[in-house]
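Below is one structure, written out as structure tokens; comments come after it.
The values are calculated or read from the model by the stated rules, or taken from the named source; none is laboratory data. As the structure is a prediction and not an experimental result, all values here were calculated from the model. Heads up, the Cβs are rebuilt from the backbone with ideal geometry, glycines too, and the neighbour counts pull from every protein chain shown. We work out accessible area using only protein heavy atoms, side chains counted, and drop any ligands, DNA or RNA first. Shrake-Rupley method; radii C 1.70, N 1.55, O 1.52, S 1.80 Å.
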Amino acid sequence: MCTNAPTILLGGWGNYPLAECRLHRPGTLATLKKISPLHENGHLIARGLGRSYGDPAINASHNVVLTDALDNLIHFDRDSHIVEAQAGVSLQTLLDVFMPRGYFLPVTPGTKFVTLGGAIAADVHGKNHHRDGSMVSFIIDLQLLTASGEVLICSRDENREVFWATVGGMGLTGIILSARLKLLPVATAYVTVDYHKAANLDEALEQFDTGDAQYQYSVAWIDCLASGASMGRSVIMQGNHATMNDLSERQRENPLAPRRGRALPMPCHAPGWALNPLSVKLFNAAFYRKHKNGRKVEHYDPFFYPLDGVNDWNRLYGRRGLIQYQPVLPRETSRTALVALLELLTRSKRASFLAVLKSYGPQNDGMLSFPLAGHTLALDLPYTGRALLELIEAMDRIVLEHGGRLYLAKDACMSRATFEAGYPRLAEFKQLCRQLDPRGKFSSSQSRRLGITEAIA
Amino acid sequence: MSQNVLILGATSGIARAVVRRLARDGDCLLLAGRNEEELKRIANDVHVRAECRADTICFDALATDEHAAFVEQCIAHFDDQLDGVILCHGTMFDQAEAQNDFALAQQMIQTNYTSAVSILEPVATYMQARKQGYICGISSVAGDRGRQSNYIYGSTKAALTTYLAGLRHRMANENVQVITIKPGIVDTPMTFGVVDRNSPLVATPDRIAQDVVRAIRRGSPTIYTPWFWRCIMTIIRAVPERLFWRTKL
Ligand SMILES: Cc1cc2nc3c(=O)[nH]c(=O)nc-3n(C[C@H](O)[C@H](O)[C@H](O)COP(=O)(O)OP(=O)(O)OC[C@H]3O[C@@H](n4cnc5c(N)ncnc54)[C@H](O)[C@@H]3O)c2cc1C
Ligand SMILES: NC(=O)c1ccc[n+]([C@@H]2O[C@H](COP(=O)([O-])OP(=O)(O)OC[C@H]3O[C@@H](n4cnc5c(N)ncnc54)[C@H](OP(=O)(O)O)[C@@H]3O)[C@@H](O)[C@H]2O)c1
């Protein structure tokens, strides 16, 4: 019977920054509702599986509430294929339970180790944003525990404003307790993937444009170290859910199998030099050479979650951690902006081991939702201190000049000015938070850094 | 074959994981505990996950007067076919606090030990008459040796372990399996903030549940889970008293 809240050094998935936080892990809904910082003077933020990179799910010197133990499924309606679940349920669980019955997630980020609550709070997107939009497109409604201790049901009709503040709102409106999500019926657990090599950025963007109508899923892996005529060379993977006819004899034996194999462990942090410009350059070149144009029928797991095959792969970046840098650029300016970013990167010889390019469809009504019609680039940059932060500042300027913005779920260090310029509905969001939470209980390291919530005296 | 199973303390971290695994195997479950709202939530969860049947029933381990009637009610619930009982409830208070407050020590003794006797005796009698069934009790490695840091809780688990061993002896020729589970350290609300969740010594509830269900299916007498605790406890038990006193264990 421990009501202990240990103080623990906590970070996001990038292991940068780290801060001492008081951790709570309620095991039942009743204990969550009674949680002390909600009722006494205190500040708190929810945390799912900690897959956001920077500091949105940490709270320096204050409280962090883990929601992953509250992971019950509540209801499933066969006719509408809507599942209701507590927010702590992981996407992996939803796949394990519903894939064998012929349902897939309508939107999924590049890892299945995130909670439903985290996916809503960041309004995550997948490789199908150009066609289907982000997570909220498939959220029917949600229950939110607010600062007053009240539980609000929020949807497009009921508590509408709170709904659009909560999706993408990074936990600042309250704790999402549960939600209803519409699953996607599929015939198999496989995806037919067309690989297409693009010799440079223009070819890559062209391939997105021509493929967008034809493919539900579309993503490019981009070599950020290639320069000159091959700047922006990429391997583009575009796919659709496979039907039974697409499968091989062996695949047909168990067409809805949820998972394959076990993840490999990454038992400890790699030494800081493991990822250096040379090793990354070799890897990138090999990756580009290895892939051939053509079609493959792949299981969803390696297609959607290539990194989930190694547990704790973030340790590859050593103890200093990494920063993931993810801007989105409006369609009109994205080409020039991407060229400027790539030039900066190749000049600085900063290695990004994994760089991903995607195209987005139109933005939604989420006040702080990230995606907008255009292109997004995601870079993993090993943290090296001042030099990296300076590079990031330079990239921020390019993003701002071109009317882009940065993803809060990946952010560890953007400036207030950068944030404010990128999110025009910020004032509306702050206003709503003040109404819901006049004493500013919900607050995170990130929200204070960016001035979304007040500094704490 | 699907079995009818009663889970005592079904809201516990370990029990939840066990319940999910039993449901996947197609068992019919009766979830007992004192937080009815949460029990309903768990029953719903397994219903959605595994499309299996789970019902709930109120149970307070401390209300020993009501236990005999409670067991009757559970047997009736399953139309006189109760195949298994898994005892998961338990409580642990800080050793230092329990040393200074007998009420806490007493609550541990009554929850972890007294209630086991009062509830499992009628169950045993029923199963013995039926010549069929299993009783599975979650004890602990903490009962293997008294340690200054946790001996009041540990002694309640030692009593439970001894009790289950005796019951197993009694049932040896009755076709009733009695299974003692000795988990090491498990990441549940009981240990949150007391141990480092990321330590390699701390197991997930699902890891424990996997071993519990395997032990039930095989009818193993006593298991340590994860397995390496058997080695650790063999060593800890073997240390001579005078040497042991010098440790901080
Ligand atoms: C390998 C990898 C690939 C990724 N790929 C993508 C991608 O393709 N697309 C994409 O959009 N994102 C992607 N992400 C980011 C990830 O999907 C988001 O950061 C997501 O929010 C993580 O969910 P989580 O449960 O781990 O939440 P956490 O990281 O723990 O928390 C994230 C935010 O959600 C809030 N939150 C969590 N639970 C609740 C709750 N119950 N109620 C209220 N607020 C809550 C937290 O306060 C915090 O602000 C990726 C991350 C990784 C590690
Ligand atoms: N966690 C470990 O490291 C560990 C190690 C070895 C053994 N164990 C044993 O494993 C068992 C399960 O524990 P856990 O770790 O899963 O802890 P837990 O989540 O804290 O569960 C304890 C359970 O006991 C129930 N309970 C307590 N007093 C009760 C009473 N008077 N009447 C009815 N139910 C009562 C609680 O019910 P409420 O939900 O209503 O509070 C709760 O379900 C316990 O016997 C524990 O001693 C645990």
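Quick notes
- Restricting B:PRO183, B:PRO221 to those that are more than 14 Å from chain A (Cβ to nearest Cβ) and either among the charged types (D, E, K, R) or farther than 30 Å from A:ASP71 by Cα (or both) reduces the list to B:PRO221.
- Looking only at residues of the range B:186-207 that are within 12 Å of another protein chain (Cβ to nearest Cβ) and of a type in the set (S, T, N, Q), we find that the one that is surrounded by the most Cβ atoms within 10 Å (Cβ to Cβ) is B:THR188.
- Scanning the range A:1-31 for residues that are of a type in the set (Gly, Ala, Ser), in contact with a strand residue (DSSP E or B) (Cβ under 6 Å, 6 or more places away or on another chain) and more than 16 Å from ligand 2 (Cβ to nearest atom) returns A:GLY11, A:GLY14.
- Residue within the range A:420-431 that is in contact (Cβ under 8 Å) with a residue 40 or more places away in the chain and either of a type in the set (Val, Ile, Thr) or within 13 Å of ligand 1 (Cβ to nearest atom) (or both) present: no
- Test for B:GLY219: is it open to solvent by 10 Å² or more (accessible area, probe 1.4 Å), on the phi > 0 side of the Ramachandran plot and either within 12 Å of ligand 2 (Cβ to nearest atom) or out of contact with any helix residue (DSSP H, G or I) (no Cβ under 9 Å at 6 or more places or on another chain) (or both): yes
- Subset of the range A:310-336 [within 19 Å of the chain's Cα centre (by Cα) and open to solvent by 40 Å² or more (accessible area, probe 1.4 Å)]: A:VAL310, A:ASN311, A:ASP312, A:ARG315
- Some residue of the range A:54-67 being within 16 Å of ligand 2 (Cβ to nearest atom) and open to solvent by less than 20 Å² (accessible area, probe 1.4 Å): yes
- Any strands (runs of 3 or more DSSP E) falling wholly within the range A:1-80 and containing at least 2 residues that are under 30 Å from A:LEU388 (Cα atoms) and more than 8 Å from chain B (Cβ to nearest Cβ): A:7-11, A:18-24, A:44-47, A:63-66
- Candidate set: the range A:118-162, residues that are among the hydroxyl-bearing types (Ser, Thr, Tyr) and under 23 Å from the mean Cα position of the chain (by Cα); chosen: the one most open to solvent (accessible area, probe 1.4 Å): A:SER137
- Test: residue in the range B:8-20 that is away from ligand 2 (no atom under 14 Å from the Cβ) and more than 23 Å from B:ARG168 (Cα to Cα): no
- Complete set of residues in the range A:32-48 that are surrounded by fewer than 15 Cβ atoms within 10 Å (Cβ to Cβ) and either within 16 Å of ligand 2 (Cβ to nearest atom) or under 10 Å from A:GLY149 (Cβ atoms) (or both): A:LYS34, A:HIS39
- If only residues of the range B:163-186 that are without any contact (Cβ under 8 Å) to a residue 12 or more places away in the chain and among the small types (Gly, Ala, Ser) are counted, the one that is farthest from ligand 2 (Cβ to nearest atom) is B:ALA172.
Yes/no per residue for (1) closer than 29 Å to B:THR191 by Cα; (2) among the aliphatic types (A, V, I, L, M):
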site	(1), (2)
B:VAL19	yes, yes
B:GLY26	no, no
B:GLY33	yes, no
B:ARG41	yes, no
B:ASP55	yes, no
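- Here B:GLY133 does not qualify as open to solvent by less than 40 Å² (accessible area, probe 1.4 Å), closer than 30 Å to B:ARG242 by Cβ and touching a strand residue (DSSP E or B) at 6+ places or on another chain (Cβ under 8 Å).
- Lone qualifier among A:LEU183, A:LEU205 - being within 14 Å of chain B (Cβ to nearest Cβ) and away from ligand 1 (no atom under 16 Å from the Cβ): A:LEU183
- Given (1) within 16 Å of ligand 1 (Cβ to nearest atom); (2) surrounded by 20 or more Cβ atoms within 10 Å (Cβ to Cβ); (3) among the basic types (Lys, Arg), index of the condition B:LYS182 fails: (1)
- Scope the range B:1-59; condition more than 20 Å from B:ILE208 (Cα to Cα) and among the polar types (S, T, N, Q); matching residues: B:SER2, B:GLN3, B:ASN4, B:ASN35, B:ASN44, B:THR56
- B:ARG237 vs. criteria closer than 19 Å to B:GLN3 by Cβ and either crowded, with 18+ Cβ neighbours inside 10 Å or modelled with pLDDT of 95 or more (or both): no
- For the range A:90-111, the count of residues that are open to solvent by less than 10 Å² (accessible area, probe 1.4 Å), of a type in the set (Gly, Ala, Ser), in contact with a Leu (Cβ under 8 Å, 6 or more places away or on another chain) and within 10 Å of ligand 1 (Cβ to nearest atom) is zero.
- Checked against (1) surrounded by fewer than 19 Cβ atoms within 10 Å (Cβ to Cβ); (2) touching a residue at least 60 places away in the same chain (Cβ under 8 Å); (3) closer than 30 Å to A:VAL83 by Cα, B:ASP83 passes all but condition (3).
- The residues in the range B:21-42 that are away from ligand 2 (no atom under 14 Å from the Cβ), in contact with a strand residue (DSSP E or B) (Cβ under 9 Å, 6 or more places away or on another chain) and either at the interface with chain A (Cβ under 10 Å from one of its Cβ atoms) or open to solvent by 10 Å² or more (accessible area, probe 1.4 Å) (or both) can be counted, and the count is 1.
- Yes/no for A:LEU73 being more than 16 Å from A:MET170 (Cβ to Cβ), crowded, with 22+ Cβ neighbours inside 10 Å and in contact with a strand residue (DSSP E or B) (Cβ under 9 Å, 6 or more places away or on another chain): yes
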